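Participant: Starting off with a structure, shown below.
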Ligand SMILES: Nc1ncnc2c1ncn2[C@@H]1O[C@H](COP(=O)(O)OP(=O)(O)OP(=O)(O)O)[C@@H](O)[C@H]1O
Ligand SMILES: [Mg+2]
């Protein structure tokens with residue numbers, strides 16, 4: 001008890017004091033640990049190959065961080081609601097979305113903005129299906145999203161007959177390749193989404209309710225939290241963001257390519273877990289997910305810079321995922 | 001005729017497949033009355049509570065408040081009618097803070113759904129100060145760091161957050177120390193003095209007997225007795241529960 005026993009005046013106390021308390025809290029938190037790990041990784045990679053810090057390489061890292069980071073935010077929203085919620089379809093949705101936006105613009109001559117809106121509606125619709133399947137039909141999300149993993153990838157190949165769709169308009173490419181003051185546009189999109197997610201997660205009632213549902217769904221029902229609605233919304237959000245990433249990737253590659261995004265769902269899950277999200281739900285950090293995504297991106301970039309073959313990259317990232325989840329499970333078991 | 005009861009349950013039946021958890025249960029609750037709802041494990045007490053709270057819908061039967069039929073379709077509706085409950089397993093969220101737990105399902109929000117944390121923290125603190133009297137933990141402490149008694153008080157603070165007319169306590173003392181149990185007893189009496197009615201569920205019949213004005217006894221989903229404490233004895237209540245009403249006396253229903 002003891003140290004928790006402070007009266008409310010302190011809760012509402014002077015701002016400077018609050019800030020100090022905030023910093024002390026942050027240093028002791030998982031978020032701080034993950035930030036330290038990221039910085040160590042960056043320093044190590046930079047020492048091994050100073051080219052890491054070249055502007056060009058940092059921009060490449062930024063673009064890839066945006067891709068993994070946006071997916072990790074979506075995945076975090078899904079995982080936190082618990083009950084076995086997970087989205088295994090994000091990589092395939094990335095591919096389908098990129099192919100569809102290219103198809104709409106190039107083959108059907110639909111204006112760019114309209115094409116983007118259409119694609120985001122379609123991927124959100126897929127999310128709605130995943131959400132309703134979990135909440136109304138009691139189908140485990142693992143099953144429905146695994147189904148979409150196969151179906152969306154297959155659909156992307158069927159639509160394109162396996163070939164990329166090229167000749168995308170220049171204004172569209174800006175979304176993936178553009179720079180504003182040396183900052184890649186995808187990074188700006190990532191930071192915008194992160195800001196909205198942080199607002200949603202920490203400043204509105206929804207973040208608190210998501211964690212409540214993930215931690216104790218029966219109790220959440222008893223206190224009148226709209227469990228069905230909120231669980232469904234998280235899948236819509238996740239697959240909306242998957243659609244957005246597909247658009248960014250298509251713009252970056254200048255093509256709608258059915259083979260992109262393979263295993264991205266795993267990277268998103270790994271980023272989320274490395275960042276402190278419990279696979280069992282209830283506990284999550286948006287900041288942690290972004291840092292987790294950055295760690296995965298830096299590892300990926302380091303392997304490229306150090307000239308290690310692509311096959312080893314999969315093995316390395318797979319190992320990181322298993323190690324991160326194992327540590328997470330052990331840590332939680334110890335705390336329980 | 002004006003009813004003496006402000007809250008009434010009429011012919012409540014709840015089936016889970018073949019299981020009849022509540023079988024045609026009717027009763028009324030007076031203002032500022034403590035009613036002990038007792039019965040063996042699986043008698044149907046919690047099921048009845050869940051229907052009063054709108055967590056479950058009755059298969060058959062209705063509820064009346066001030067003589068008017070009410071559709072309690074969700075816990076939010078129950079709360080707005082002045083009915084709230086503290087559940088057997090407390091229904092808390094261990095890794096959420098005290099204030100998040102107290103306002104779970106009923107956060108105060110401004111435009112864009114922005115949580116009014118400052119006001120909620122003050123209100124949560126106020127409620128806890130009244131309940132806990134002595135040491136009040138910081139309201140942003142995770143509930144998992146609290147003792148059993150403190151958790152109980154957080155759950156009660158949540159139930160008392162809104163103007164409550166009928167408070168249901170489902171086995172509020174099963175996990176508590178003797179001192180903490182006494183505290184709950186004092187609290188229940190104090191609430192009654194404020195005009196709040198209480199349905200008190202418990203397995204320790206002696207403890208319940210000291211607290212309540214009336215007993216409603218369930219057995220295998222059926223109401224087998226509804227009796228004023230002054231017309232019965234501890235021994236009789238225990239005998240009724242154990243025998244499942246087999247020793248029934250005609251005046252009990
Ligand atoms: N959701 C459900 N699905 C199926 N059966 C249920 C459900 N909820 C309760 N039951 C059954 O209904 C009956 C009454 O259960 P209930 O929990 O209401 O009893 P109780 O009087 O609260 O018991 P206890 O004293 O052990 O808390 C039991 O047979 C129980 O198994
Ligand atoms: Mg019960």
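Participant: Give the residue, chosen from B:109, B:59, B:76, that is away from ligand 1 (no atom under 16 Å from the Cβ) and assigned by TED's automatic domain parsing to the domain that holds residue B:202.
Facilitator: From the options B:109, B:59, B:76, the qualifying one is B:76.
Participant: Related question: Tell me which residues, restricted to segment B:108-126, are under 27 Å from residue A:197 (Cα atoms), crowded, with 21+ Cβ neighbours inside 10 Å and facing another protein chain (nearest Cβ under 7 Å).
Facilitator: Passing the criteria: B:115, B:121.
Participant: Taking residue A:268 and the conditions (1) on the phi < 0 side of the Ramachandran plot; (2) within 14 Å of chain B (Cβ to nearest Cβ), which numbered condition does it fall short on, given that it satisfies the others?
Facilitator: Residue A:268 satisfies every listed condition except (2).
Participant: Given the options B:140, B:40, name the one that is in contact (Cβ under 8 Å) with a residue 60 or more places away in the chain and either over 21 Å from the mean Cα position of the chain (by Cα) or surrounded by fewer than 22 Cβ atoms within 10 Å (Cβ to Cβ) (or both). Let's see the steps before the verdict.
Facilitator: Working: B:140 fails: in contact (Cβ under 8 Å) with a residue 60 or more places away in the chain.
That would be B:40, the only listed residue that is in contact (Cβ under 8 Å) with a residue 60 or more places away in the chain and either over 21 Å from the mean Cα position of the chain (by Cα) or surrounded by fewer than 22 Cβ atoms within 10 Å (Cβ to Cβ) (or both).
Participant: So, one more: Look at residue A:232 and say whether it is within 14 Å of chain B (Cβ to nearest Cβ) and under 23 Å from residue A:128 (Cβ atoms).
Facilitator: Values: within 14 Å of chain B (Cβ to nearest Cβ): no; under 23 Å from residue A:128 (Cβ atoms): yes.
So residue A:232 fails the test.
Participant: Return yes or no: is residue B:54 at positive phi, within 14 Å of chain A (Cβ to nearest Cβ) and either without any contact (Cβ under 8 Å) to a residue 24 or more places away in the chain or under 16 Å from the mean Cα position of the chain (by Cα) (or both)? Talk me through it step by step, then tell me what you get.
Facilitator: On the way: at positive phi: yes; within 14 Å of chain A (Cβ to nearest Cβ): yes; either without any contact (Cβ under 8 Å) to a residue 24 or more places away in the chain or under 16 Å from the mean Cα position of the chain (by Cα) (or both): yes.
Yes: the conditions hold for residue B:54.
Participant: Still on this structure, please answer the following. Can you name the condition, by its number, that residue B:18 falls short on among (1) without any contact (Cβ under 8 Å) to a residue 12 or more places away in the chain; (2) within 16 Å of ligand 2 (Cβ to nearest atom); (3) more than 26 Å from residue A:226 (Cβ to Cβ)?
Facilitator: (2)
Participant: Let me ask you something else. If the Cβ limit is 6 Å and pairs must be 6+ apart or interchain, which residue in segment A:281-308 that is more than 14 Å from chain B (Cβ to nearest Cβ) pairs with which residue that is outside any helix (DSSP H, G or I)?
Facilitator: A:288/A:275; A:288/A:276; A:289/A:275; A:291/A:275; A:292/A:275; A:305/A:49
Participant: When the residues of segment B:7-27 are narrowed to those that are within 11 Å of ligand 1 (Cβ to nearest atom) and exposed (fewer than 14 other Cβ atoms within 10 Å of the Cβ), which ends up nearest to residue B:78 (Cα to Cα)?
Facilitator: B:16
Participant: If I filter segment B:149-171 for residues that are touching a residue at least 60 places away in the same chain (Cβ under 8 Å), within 16 Å of ligand 1 (Cβ to nearest atom), assigned to a loop (DSSP other than H, G, I, E, B) and within 21 Å of residue B:36 (Cα to Cα), do I get at least one hit?
Facilitator: Scanning segment B:149-171 turns up at least one residue that is touching a residue at least 60 places away in the same chain (Cβ under 8 Å), within 16 Å of ligand 1 (Cβ to nearest atom), assigned to a loop (DSSP other than H, G, I, E, B) and within 21 Å of residue B:36 (Cα to Cα).
Participant: For residue B:84, are the conditions met, namely being more than 14 Å from chain A (Cβ to nearest Cβ) and touching a helix residue (DSSP H, G or I) at 6+ places or on another chain (Cβ under 7 Å)?
Facilitator: Numbers: more than 14 Å from chain A (Cβ to nearest Cβ): no; touching a helix residue (DSSP H, G or I) at 6+ places or on another chain (Cβ under 7 Å): yes.
No, not satisfied.
Participant: Right, next: Restricting attention to segment A:206-219, does a residue exist that is within 14 Å of chain B (Cβ to nearest Cβ), buried (at least 24 other Cβ atoms within 10 Å of the Cβ) and either within 15 Å of the chain's Cα centre (by Cα) or part of a loop (DSSP other than H, G, I, E, B) (or both)?
Facilitator: Yes: segment A:206-219 contains one or more residues that are within 14 Å of chain B (Cβ to nearest Cβ), buried (at least 24 other Cβ atoms within 10 Å of the Cβ) and either within 15 Å of the chain's Cα centre (by Cα) or part of a loop (DSSP other than H, G, I, E, B) (or both).
Participant: Let me ask something else. Considering only helices (runs of 4 or more DSSP H) fully contained in segment A:50-143, which possess at least 3 residues that are over 21 Å from residue A:257 (Cβ atoms)?
Facilitator: Passing ranges, in order: A:55-80, A:112-135.
Yes or no, residue by residue, for (1) in a loop (DSSP other than H, G, I, E, B); (2) modelled with pLDDT under 95; (3) under 12 Å from residue A:93 (Cα atoms):
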{"residue": "A:225", "(1), (2), (3)": "yes, no, no"}
{"residue": "A:231", "(1), (2), (3)": "no, no, no"}
{"residue": "A:234", "(1), (2), (3)": "no, no, no"}
{"residue": "A:241", "(1), (2), (3)": "no, no, yes"}
{"residue": "A:245", "(1), (2), (3)": "no, no, yes"}
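The values are calculated or read from the model by the stated rules, or taken from the named source; none is laboratory data. Just so you know, these numbers come straight off a predicted model, no measurement behind them. Cβ: placed from backbone, ideal geometry, glycine included. Neighbour counts: every protein chain shown.
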